[in-house]
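Let me begin by presenting the structure, written as structure tokens, before commenting on it.
The values are calculated or read from the model by the stated rules, or taken from the named source; none is laboratory data. Just so it is clear, the model here is predicted, and its values are computed rather than measured. Reconstructed Cβ throughout: ideal geometry from the backbone, glycine too, with neighbour counts over all protein chains shown.
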């Protein structure tokens, strides 16, 4: 008696239906730097979606770039909650900063574990949108992954924001 294709378990080496739904080719994740300025510094609004939490100009500009070029494939690195998709909710305020150890941000090891739990290590390439310390952190968190840093070598935050504005305006990725 012949079985229908859907009732046959995949043989070793065969693909499952889920694997066929995965995109072919490199999958890219854009990770955006947070800012020290956060909405809860000036507003009691809580809970808040991650995309609205960080109010610093540079972080906002990076988010705009990510939304323009990596829609659906970008996240924000929250120093307390880890990698968060833009519409995920931050439930309580915190004062952690990635670059101030005294605020007890998540460590690179903790972020690496978090990225594995969130299946971010399934992405083939990582776009690190931030300054040099952020880029180095992403390289540490995603060992063995291709980490691309389009803002590296551009200059200070002002020059990086201008480059982001130009890219958004022209529709050309950095």
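On the given criteria, is residue 59 touching a strand residue (DSSP E or B) at 6+ places or on another chain (Cβ under 7 Å), surrounded by 13 or more Cβ atoms within 10 Å (Cβ to Cβ) and either modelled with pLDDT under 90 or not in a helix (DSSP H, G or I) (or both)?
Values: touching a strand residue (DSSP E or B) at 6+ places or on another chain (Cβ under 7 Å): yes; surrounded by 13 or more Cβ atoms within 10 Å (Cβ to Cβ): yes; either modelled with pLDDT under 90 or not in a helix (DSSP H, G or I) (or both): no.
Taking the combined requirement at face value, the residue does not satisfy it.
List the number of the failed condition for residue 125; all other conditions in (1) surrounded by 15 or more Cβ atoms within 10 Å (Cβ to Cβ); (2) touching a residue at least 24 places away in the same chain (Cβ under 8 Å); (3) under 13 Å from residue 29 (Cβ atoms) hold.
(1)
At pLDDT 95 or above, within 24 Å of residue 44 (Cβ to Cβ) and surrounded by 15 or more Cβ atoms within 10 Å (Cβ to Cβ): which single residue out of 76, 90 fits that description?
Details: 90 fails: at pLDDT 95 or above.
None of the other options fit; the residue is 76.
Could you pull out the residue among 111, 164, 98 that is buried (at least 17 other Cβ atoms within 10 Å of the Cβ), under 30 Å from residue 42 (Cα atoms), touching a strand residue (DSSP E or B) at 6+ places or on another chain (Cβ under 9 Å) and without any contact (Cβ under 8 Å) to a residue 40 or more places away in the chain?
Working: 164 fails: without any contact (Cβ under 8 Å) to a residue 40 or more places away in the chain; 98 fails: without any contact (Cβ under 8 Å) to a residue 40 or more places away in the chain.
Residue meeting the stated conditions: 111.
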